[in-house]
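Everything below concerns the one structure shown next.
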Amino acid sequence: MSEAVVVVRAEVPALAEALALYDAVGWGAYTQEPAILEQALAGSRHVVTARRDGVLLGLARVVGDGAVLAYLQDVLVCPEAQGQGIGRRLVEEVLAPFDAVRQQVLLTDAEPGQRAFHEALGFVEAHDHDPGLRSFVRLR
């Protein structure tokens with residue numbers, strides 16, 4: 001018996017599904033206030049999901065103006081589906097409408113796997129870019 005196909009497509013998932021996915025990957029800061037997560041998803045420039053047999057496995061979203069800035073805000077894949085190329089497919093699909101956008105940016109954890117994953121997709125850490133770049137963040 002063959003494994004079901006993973007379908008990646010543009011959609012904003014139902015809030016309950018999104019909450020379960022964010023919790024599954026340990027992003028509890030996003031799920032403490034469900035209404036804020038719902039607003040964030042609805043206000044995103046582009047959201048894509050990955051599903052197998054209708055079950056939400058992953059999500060990626062972009063915020064920004066779509067002209068000079070596309071900010072890859074979230075890339076999530078549930079733990080049991082990681083390592084199957086789903087994250088790569090999500091990033092490729094969510095950024096596809098922004099191929100001509102000069103600044104494709106993201107901010108992520110310093111965990112080593114994050115660096116390897118994003119570098120494999122063509123991203124460069126700001127301090128490694130030539131010419132040099134700086135990135136700043138203010139978290140509250």
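Return the residues of region 65-122 that are of a type in the set (S, T, N, Q), under 13 Å from the mean Cα position of the chain (by Cα) and closer than 19 Å to Arg51 by Cα; say none if nothing qualifies.
Step one: filter region 65-122 for residues of a type in the set (S, T, N, Q), giving 73, 82, 84, 103-104, 108, 114.
Subsequent filtering for residues that are under 13 Å from the mean Cα position of the chain (by Cα) retains 73, 104, 108, 114.
Across region 65-122, there are no qualifying residues.
Of the residues that make up region 98-113, is at least one part of a helix (DSSP H, G or I), touching a strand residue (DSSP E or B) at 6+ places or on another chain (Cβ under 8 Å), in contact (Cβ under 8 Å) with a residue 12 or more places away in the chain and surrounded by 16 or more Cβ atoms within 10 Å (Cβ to Cβ)?
Residues of region 98-113 part of a helix (DSSP H, G or I): 98, 112-113.
Subset that is touching a strand residue (DSSP E or B) at 6+ places or on another chain (Cβ under 8 Å): 98.
Imposing the further condition that a residue be in contact (Cβ under 8 Å) with a residue 12 or more places away in the chain reduces the set to 98.
Subset that is surrounded by 16 or more Cβ atoms within 10 Å (Cβ to Cβ): 98.
There is at least one residue in region 98-113 that is part of a helix (DSSP H, G or I), touching a strand residue (DSSP E or B) at 6+ places or on another chain (Cβ under 8 Å), in contact (Cβ under 8 Å) with a residue 12 or more places away in the chain and surrounded by 16 or more Cβ atoms within 10 Å (Cβ to Cβ).
For region 1-15, how many residues meet the condition of being surrounded by 16 or more Cβ atoms within 10 Å (Cβ to Cβ) and without any contact (Cβ under 8 Å) to a residue 40 or more places away in the chain? Walk me through it before giving the result.
Going residue by residue through region 1-15, those that are surrounded by 16 or more Cβ atoms within 10 Å (Cβ to Cβ) are 6, 8, 12-13.
Imposing the further condition that a residue be without any contact (Cβ under 8 Å) to a residue 40 or more places away in the chain reduces the set to 12.
Residues meeting the conditions: 1.
Considering (1) of a type outside the set (Val, Ile, Thr); (2) within 21 Å of Thr108 (Cβ to Cβ); (3) not in a strand (DSSP E or B), say which one Glu38 fails and leave the rest.
For Glu38, the failing item is (2).
Does Glu93 meet the test of being of a type in the set (Asp, Glu) and either buried (at least 16 other Cβ atoms within 10 Å of the Cβ) or in contact with a Cys (Cβ under 9 Å, 6 or more places away or on another chain) (or both)?
Details: of a type in the set (Asp, Glu): yes; either buried (at least 16 other Cβ atoms within 10 Å of the Cβ) or in contact with a Cys (Cβ under 9 Å, 6 or more places away or on another chain) (or both): yes.
Spelling it out, Glu93 is indeed of a type in the set (Asp, Glu) and either buried (at least 16 other Cβ atoms within 10 Å of the Cβ) or in contact with a Cys (Cβ under 9 Å, 6 or more places away or on another chain) (or both).
Could you check, for region 42-54, whether at least one of its residues is touching a residue at least 12 places away in the same chain (Cβ under 8 Å), of a type in the set (S, T, N, Q) and in a strand (DSSP E or B)?
Step one: filter region 42-54 for residues touching a residue at least 12 places away in the same chain (Cβ under 8 Å), giving 42-53.
Going one step further and asking which of them are of a type in the set (S, T, N, Q), we end up with 44, 49.
Among the residues that remain, those that are also in a strand (DSSP E or B) are: 49.
Yes.
Within the set of pairs 6+ apart or on separate chains, which have a first residue in region 69-82 that is under 18 Å from Ala4 (Cα atoms), a second that is of a type in the set (Lys, Arg) and at pLDDT 95 or above, and C-beta atoms under 9 Å apart?
Ala81/Arg52
Can you tell me which of (1) out of contact with any Asp or Glu (no Cβ under 8 Å at 6 or more places or on another chain); (2) surrounded by fewer than 12 Cβ atoms within 10 Å (Cβ to Cβ); (3) of a type in the set (Lys, Arg) is the one Arg51 doesn't meet?
(2)
Working only within region 16-32, note down all residues that are surrounded by fewer than 15 Cβ atoms within 10 Å (Cβ to Cβ) and touching a helix residue (DSSP H, G or I) at 6+ places or on another chain (Cβ under 7 Å).
Of everything in region 16-32, just one residue is surrounded by fewer than 15 Cβ atoms within 10 Å (Cβ to Cβ) and touching a helix residue (DSSP H, G or I) at 6+ places or on another chain (Cβ under 7 Å), namely Asp23.
The values are calculated or read from the model by the stated rules, or taken from the named source; none is laboratory data. Bear in mind that the values here come from a model prediction, so they are computed numbers and not experimental data. Reconstructed Cβ throughout: ideal geometry from the backbone, glycine too, with neighbour counts over all protein chains shown.
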